[in-house]
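So the structure is just underneath, and the comments pick up after that.
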Amino acid sequence: MEINERILNDSEFICKLNLSELRLFKDGELDWFILIPLKEGLIEWCDLELEDQYTLTEEIDLLSKELKKLGYDKINIGSLGNMVAQLHIHVIGRRKSDRAWPGAIWGSQSEAEFDSSNISLWQTRISKAL
């Protein structure tokens, strides 16, 4: 199962879950995750078997609860697919003080550099949550 090149270039591997690969988007300000279901030919949510929809919902829930523990003001969950057709879900921790609040984060650029130490922190956090 191949993951779209743009997703690979824009994110770092965290772990494999039951259905999806979890990746951390290279944003210097936000905890911004991408869940990619590891099944061929998926574009829309409805392309998933119903059982896989439940599994993906559980994975979104797990990640959302971990972000909530960090005190984010809002957790955004979305699947736009306009730039990358492959089914992938964004899960983003938002703060009222972030660069785009209260607007959409899509298309905004962080001025802060991505801190790669967040990769191992999230790998540990997610493995403990599983």
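The values are calculated or read from the model by the stated rules, or taken from the named source; none is laboratory data. Worth saying up front: this structure is predicted, and the values here are computed from it rather than measured. All Cβ positions, even for glycine, are placed from backbone atoms using ideal geometry, and neighbour counts span all protein chains on display. Side chains included, ligands, DNA and RNA excluded: accessible areas come from the protein's heavy atoms. Shrake-Rupley method; radii C 1.70, N 1.55, O 1.52, S 1.80 Å.
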Review point. Of the residues that make up segment 54-72, is at least one under 25 Å from G107 (Cα atoms), in contact with a Cys (Cβ under 9 Å, 6 or more places away or on another chain) and in contact (Cβ under 8 Å) with a residue 40 or more places away in the chain?
Key: no
Point to revise | Subset tally (residues that are in contact with a Leu (Cβ under 9 Å, 6 or more places away or on another chain) and assigned to a loop (DSSP other than H, G, I, E, B)) for segment 42-64 | key: 4
Point to revise | Matching residues, segment 1-12, being in a loop (DSSP other than H, G, I, E, B) and either within 16 Å of K65 (Cα to Cα) or open to solvent by less than 60 Å² (accessible area, probe 1.4 Å) (or both) | key: I3, N4
Point to revise | Every pair of residues 6+ apart whose Cβ atoms lie under 6 Å, when the first sits in segment 31-42 and is open to solvent by less than 50 Å² (accessible area, probe 1.4 Å) while the second is of a type in the set (S, T, N, Q) | key: I34/S11; L35/S20; I36/S20; P37/S20
Review point. Is it true that K74 is within 17 Å of L24 (Cα to Cα) and open to solvent by 30 Å² or more (accessible area, probe 1.4 Å)?
Key: no
Exercise for review: Only residues that are crowded, with 16+ Cβ neighbours inside 10 Å and either modelled with pLDDT under 95 or over 21 Å from K68 (Cα atoms) (or both): list them for segment 13-28, please.
Suggested key: L19
